[in-house]
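The structure appears below as structure tokens.
The values are calculated or read from the model by the stated rules, or taken from the named source; none is laboratory data. Computed from a predicted model, the values in this text were never measured in an experiment. Here the Cβ is made from the backbone with ideal geometry for all residues, glycine too, and neighbour counts use every protein chain on show. Surface accessibility is based on the protein's heavy atoms, side chains included, excluding ligands, DNA and RNA. Shrake-Rupley method; radii C 1.70, N 1.55, O 1.52, S 1.80 Å.
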Amino acid sequence: MSEQPEQLKIKALQELEGVTSADKLEQWRVRYLGRKGELTLILRSLAELPPDERKTLGARANQTKVSLEEALKQKEQVIKEAQLVAAKKGGIDITLPGRPLPAGRLHPITQTLHEICDIFSAMGFQVVEGPEAEWDYYNFEALNIPPEHPARDTQSTFWIAHGTGNREKSASVNTGTIGAVSPSVRYEMEGGEKPMLLRTQTTSVTARTIAEVGEGKRQLPIMVVEPGKVYRYEATDATHGWMLYQIDGLVVDKHITMADLKGALYEFVHRYFGADRKVRFRADYFPFVEPGVEVAIECAICRGDGCRLCGDSGWIEIAGAGMTHPDVLRRGGIDPDVYTSFAFGMGADRTVMLRYGVDDIRLFYGSDLRFLRQF
Amino acid sequence: MKISLKWLKEYVDIALPAEELAHKLTMAGFEVEGMRVIGGGWDNVVIGKILAINPHPNADRLTLPTIDLGTEQVTVVCGAPNLKVGVKVSYARVGAQLIDAHTGQVATLKAAKIRGIASNGMLCSERELGISDSHTGILTLPDDAPLGMPLADYMGDVILDVTITPNRPDCPSVIGIAREVAALTGQSLHIPEISYQEAGPSIEGQVGLAIRAPDLCPRYCASLVTGVKLAESPVWMQHRLQDCGMRPINNIVDITNYVMLEYGQPLHSFDFERIRGKKIIVRRANHGEVLITLDGVERKLSPDMLVIADEDRAVAVAGVMGGANTEVTGSTTTILLEAASFNPASIHYTGRTLGLPSEACTRFERGISAGMTMPALKRATQLLVELCGGVAARGIEEAYPGKTERAPLSLSAGDVNRILGSDFSLEQINNALTSLGFECKRIDSSLLVATPYWRSDIRLTVDLIEEVARVIGYDQIPMTMPVQPLNKPAPTPIIGLKRNVSQILTGLGFQEIITYSLTSLETMNNLSAAAQPAEPSLLRLANPMTSEQEYLRPSLRASLLAAVAANRRHEDSGIWLFELGKVYLPRNNNLPDERETLCAIMSGPAVEKSWHGEGRAPDFFEAKGVVESLLCRLGITASYEPASDESLNSAEQAAIVMDGARVGVLGKLHPDVLERFEITESAYLFEIDLPALLRFVVGDKLYRQIPRFPAVVRDVALVIDADVAHQRLVDIIKSFPLVEKVVLFDVYSGGQVPQGKKSLAYRITFQSREHTLTDSEVNTVQQQILERLGGELGAGLRG
Ligand SMILES: [Zn+2]
């Protein structure tokens, strides 16, 4: 049997609400209560069941039948009255459209960020933000990514020229490989000043939050999520953009464990993607955590069998995470022998794409109303 | 990194099916991204030997080889030029699934007559078998290939495509993965001790070695092999290299690549005869030194770079690429083989600066352990002796100035469980670490853990904890929820304000957009209608991708204008948009001031044309109404003062002012600006600086008692000079104590109103919080109001 009588009832009554004419009402009657109607089929199938099941299911199905017949009778009455009113002189055609009112919407990424932040807020996280133009220190160095670290190669960086005006000065450095150039070269390029960049990850806010403890600007424990824009020096295509949104998170307290990290992220996935979504928690490497974790969810399209969306793996990576590296904590003045910490980060654009099946990341920042009005 | 399962099995027993092995590796941090089965379709292909080759009677280019399959003999028609009697080949029976060399599609081999002679199956090329693209001749197999054996058993393999994280420089190698597999599956590892005959004289005295930059080269090892002959490497080695994505070149280069894939250590071979002074000197490059590398390019070196040199000149860029001056060639007979350890940061810098991210470079910059040099060097020397007819000199020349002892780490079950939240026993922890090659000594309730030489990534106890978690499995870690802090800090006010503002504006009919934060100088200049626009103060990227995205935007206006123009191509109703984003204002020697800014634009009626009529196109007062409504919801009343914004029409714009401070601007966009953005209709814009506004947002609202006494409402129509602002009248009226509310309900000029005058009609609500007002009380106040309006502004009652 495909459907329980109660489910069928909900579906049928919902559909009935939208019925406004006599012929549509007749179609509805045939579909559910007719000789080959869905409910009739359930009642007929009872004969094949063992006696005790037949009895309980039969009673439930009959109850549904009574409800639906009652609703049908009421609806007939309503439609008849509406016809009478319309027929009277001066009656209004209630099917004419209403007076239009302006209907604005939030951008799908904003909606998603709100939703994600709300889930974490409900778990006790505070939402904080940090600057997009950032010192190299918070984006890289404080997170165990010194200038020669291979992780920099995967996060090609937009560097910000110090001072304003004078665009000729550093036109020669426009090579696209600056992200990988040694600091001595880079400092030279910037006239010995601290390197400034557009952050490549909102983990920079994690570094700042930790540093605030050492500076006396923030009390422990910490439980924050950090949404915002990040930038990558990357050619744009359907799946890569040079501007995107991320959300990082950080928890610091005595007795924080990887079990807490697992619990918090599973809880998030189940609240955001649905309780039935399978989660995979596997070892991975990020310089600022140890142990490191990759969190993936079962692919919504193939449910784990492998398809084009998930690259045949059955899984879609949604977050990187791990236990905050003791050096990262220590750099911010937090004693890793007393406090433990976990951190995580995820991309919001990707999450929205997965959720709504958007196939081109550029649509988000193209401002096309035909796209934006769908959300 | 491509890893051959067959190669892996030489070093570790594998009982699991490939899929399960892939899953275990993935979960433990070695993501298997793909799997290629070699020989999956070779059901009807077996190994044979050519017994005889007869000419084809009807075709010069074809021959009729007879193949011995061990139990039977068959004759086929073949067009390959590389047939030789006695050679082992792969023979496909009729029914085999082969790749058609011309179409690239899999096809079933059918019995066929070729130029009148029946061909009973065929001999296969590499392309037909799906091994490589080679189709110049048939695949030939080594002499010891067993007759009649299915080719799949002999050559079939599974190639795993494994992503190696950068913290594991020991793992892009067969042995590295084998160690992981052994730990993850509990199988045993067999890594043989390398030995070979050292028939030559001692290397000592033949080769000089000096490390002049020990900070950049902690260890350098070299072996010497004489009498080698440059040739093709054996077929099996070529196949392995191909399966792992490398191109076979010659036996010497192939051996160094093979050992790199096997042991993870890059090696380099020099033609020793061309090393001047028979000396290897590891030093920084000199100022202005140049070297032509193996790819024929002249490289300009600097003292930041490390070179391998002989007495006279550089012979290699250390760890990055060899020099052409000592390249192994056909006339080479003596090979100096190098296995060294280099400073990763220096290699990274050199590789990037020279634009030479070679495979060796990528490996070195991840920090390969100095301990890995010796086993790899011995393995490669062994292969040179065995496969190239070389004679190895006795001993290895070595300098190891960077030798360090790593102190063992202490680890207790408490340490592990404190981080993981697990309940692992010391026994479990001990087993996990031991399986990975760590040596654990139990002292009381702790382990003293010595790290194996190949693990350069292990430094702290947390590194050990991760190893424990990986081997036991992340799925064995329990799940708990972090306890919420009691003293939860209040949310940042600006975040709440942003959310509030965006929700109010959507309610007022605006669509939110998000646009790129980078812009061009031209675009910013287009925002000003002034003849000489002020030079904007902008933050510039040092490495922009295009000139359209060169500056951090100081304003959101251009993005909104562009969005209106783009949407207008397909939208005939109103376009009301807003963006809430940062603008970036430079500050000296500091990060820019990033100000959260609201900018909104209104073009065309808010609602679509319908049977109820046309929507009304927005005017200044509609824009002002939106601003007032937004501010009202936030609990703010602003005043509006004349402004001179260069994007806006000078006659229709106002500054939004709070307590004397400007928080924003609103007005009609200047037609010149609209034209530059290709907008042909009028449009209104408002912009608010949120941090400035935030100071006035009423956080905690206080309840005020609802008035208990009735109000008295009076309408007054006033005639006044046309140039007196409404605000001045309202300010006076509101200054009287009993006035609760003032509404302007009519503005009129012409008709009975004299020239140069206008009529303003106000509805004034009088109310007392103490008692019911009498008519005479209201009359008195109203009279006082009229007197002041008359005295100060010259207003009189309209007759
Ligand atoms: Zn899928």
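Diffusion coefficient (Stokes-Einstein, Kirkwood radius over C-alpha pairs, 37 °C, 0.692 mPa s) for segment B:239-294: 237 µm²/s, rounded to a whole number.
Ellipsoid semi-axes for segment B:658-799, based on the Cα gyration tensor and the rule √(5λ), read 35, 26, 13 Å when sorted largest first.
Secondary structure note: in the protein assembly as shown, about 95% of the DSSP beta bridges are antiparallel. Evaluated at q = 0.17, 0.19 Å⁻¹, a Debye calculation over the C-alpha positions of segment A:4-91 (equal weights, vacuum) places log10 I(q)/I(0) at -0.72, -0.83.
Put simply, the Cα atoms of segment B:667-716 extend 58, 37, 13 Å along their principal axes, the longest span coming first. Distance in nm between label sites at B:S735 and A:T95, each 7 Å beyond Cα in the beta-carbon direction? Roughly 6.4 nm, to one decimal. List the residues of segment B:508-538 for which accessible area in the full set of protein chains is at least 40 Å² lower than for the chain on its own; 1.4 Å probe, protein heavy atoms only. Flagged in segment B:508-538: B:Q511, B:E512, B:I514, B:Y516, B:S517, B:L518.
Think of it this way: in the protein assembly as shown, A:C117, B:C78, B:C124, B:C171, B:C217, B:C221, B:C244, B:C361, B:C388, B:C440, B:C599, B:C632 stand alone, with no other Cys Cβ under 4.7 Å. Here the Karplus relation 6.51 cos²θ - 1.76 cosθ + 1.60, evaluated at θ = phi - 60°, turns the backbone of segment B:722-728 into coupling constants of 4, 8, 7, 6, 3, 4, 5 Hz, with x for every Gly and Pro. Taking max minus min of the alpha-carbon positions on each principal axis, chain A gives extents of 85, 57, 42 Å, largest first. Legend: residues in segment B:393-430 shielded by at least 50 square angstrom of accessible surface upon adding the remaining protein chains to the isolated chain (1.4 Å probe, heavy atoms) are B:R418, B:I419. In segment B:191-322, the inverse of the mean reciprocal separation of distinct Cα atoms equals 16.6 Å; this is its Kirkwood hydrodynamic radius. Mind checking segment B:368-453 for GluC sites (Glu not before Pro) that DSSP puts in a loop (not H, G, I, E or B) and that have at most 16 other Cβ atoms within 10 Å? Within segment B:368-453, the qualifying GluC sites (Glu not before Pro) (loop, at most 16 other Cβ atoms within 10 Å) are B:E405.
Enter the mean number of other protein chain beta carbons within 10 Å of the beta carbon of each residue in A:124-136, as an integer. Intermediate values should be presented prior to the final figure.
Numbers: counts 7, 4, 7, 5, 4, 7, 1, 6, 8, 11, 1, 2, 0.
Per residue, the number of nearby Cβ atoms from other chains is 5 on average.
Evaluate the Kirkwood expression for the hydrodynamic radius of segment B:449-529, namely the inverse of the mean inverse distance over all pairs of different C-alpha atoms, and round to one decimal in Å. Kindly include the intermediate steps, with their values, before the conclusion.
Details: mean 1/r = 0.0500 Å⁻¹.
Its Kirkwood hydrodynamic radius stands at 20.0 Å.
Once the Cα atoms are used to define both axes, helix A:51-87 deviates from the longest principal axis of chain A by about 80 degrees. Roughly how large is the A-B contact in terms of buried accessible area, totalled over both chains, probe 1.4 Å, nearest 100 Å²? The contact between B and A buries close to 8700 Å².
Helices in chain A, meaning DSSP H runs of at least 4 residues, each add -39500 (n - 2.57). Divided by all residues, the mean residue ellipticity at 222 nm is -12000 deg cm²/dmol. Based on Cα contacts under 8 Å between residues 6+ apart, segment A:4-91 shows a relative contact order of 33 percent. The Cα center of segment B:172-232 and the Cα center of segment B:366-387 differ in position by 2 Å.
Give me the percent relative contact order of chain A, please, defined on Cα pairs under 8 angstrom at least 6 residues apart.
Values: 537 pairs, mean separation 55.4, N = 375.
This gives 15 percent for chain A.
Taking all C-alpha pairs of segment B:85-126, those more than 16 Å from each other amount to 43 percent. Kindly identify residues of segment B:317-345 having a loss of at least 10 Å² in accessible area between the isolated chain and the assembly of all protein chains, probe radius 1.4 Å. Checking the loss per residue gives B:A345.
Could you tell me what fraction of 2.2 N^0.38 Å the Cα radius of gyration of segment A:208-335 comes to, as a two-decimal ratio?
On the way: Rg = 16.8 Å, N = 128, 2.2 N^0.38 = 13.9 Å.
After normalising by residue count via 2.2 N^0.38 Å, the value is 1.21.
The radius of gyration of the Cα set in the protein assembly as shown, together with its Dmax, comes out at 39.5, 134 angstrom. Phi-derived couplings, Karplus 6.51 cos²θ - 1.76 cosθ + 1.60 at θ = phi - 60°, listed residue by residue for segment B:201-215: x, 4, 5, 4, x, 8, 10, x, 9, 9, 9, 8, 10, x, 5 Hz, with x used for Gly and Pro. So for segment B:628-670, Kirkwood radius off the Cα pairs, Stokes-Einstein at 10 °C and 1.306 mPa s: how many µm² s⁻¹? The calculation lands on 148 µm²/s. Here, segment B:48-138 has an Rg and a Dmax of 12.4, 34 Å when only alpha carbons are counted.
Under the simplified labelling scheme, the B:E298-A:L46 pair shows an inter-label distance of 9.7 nm, with each label point 7 Å from Cα along Cα→Cβ. In angstrom, the C-alpha Rg and Dmax of segment B:98-202 are 21.3, 65. Both radii were evaluated on the Cα set of chain B; the Rg over Rh quotient, with Rh as the Kirkwood radius, amounts to 1.19. Near B:M35, the amide H atoms lying under 5 Å from its own belong to B:D161; only residues 5 or more places off or on other chains count, and H is placed 1.01 Å from N.
Taking only the Cα atoms of segment B:498-563, how large is their convex hull per residue, in Å³?
Working: hull volume 7.9 nm³, N = 66.
Cα convex hull per residue, to the nearest whole number: 119 Å³.
Once the cut-off is 13 Å, how many percent of the Cα-Cα pairs in segment B:357-403 end up in the long-distance tail?
On the way: 733 of 1081 pairs.
Counting every Cα pair in segment B:357-403, those more than 13 Å apart make up 68 percent.
Counting Cβ atoms of other protein chains within 10 Å of each Cβ in A:249-255 and taking the mean gives 2. Amide hydrogen proximity for A:Q126: with H placed 1.01 Å from N in the peptide plane, the residues at 5 or more positions away or on another chain lying under 5 Å are A:M223, A:V224, A:V225. Angle of helix A:258-273 to the longest C-alpha principal axis of chain A, folded into 0 to 90 degrees and rounded to 10: 40°.
Within 10 Å of each Cβ in peptide A:363-370, how many partner chain Cβ atoms are there on average? Round it to a whole number, please. Taking the mean over all residues of the peptide, I get 6. Treating each Cα of segment B:718-781 as an identical point scatterer and summing with the Debye formula, the log10 of I(q)/I(0) at q = 0.14, 0.17, 0.24 Å⁻¹ comes to -0.50, -0.67, -1.00. Surface composition of the protein assembly as shown: carbon and sulfur make up 50 percent of the accessible area, probe 1.4 Å. When the Cα atoms of segment B:1-72 are aligned to their principal axes, the ranges along those axes come out at 62, 26, 19 Å in descending order.
The per residue volume of the convex hull around the alpha-carbon atoms of segment A:276-375 is 147 Å³.
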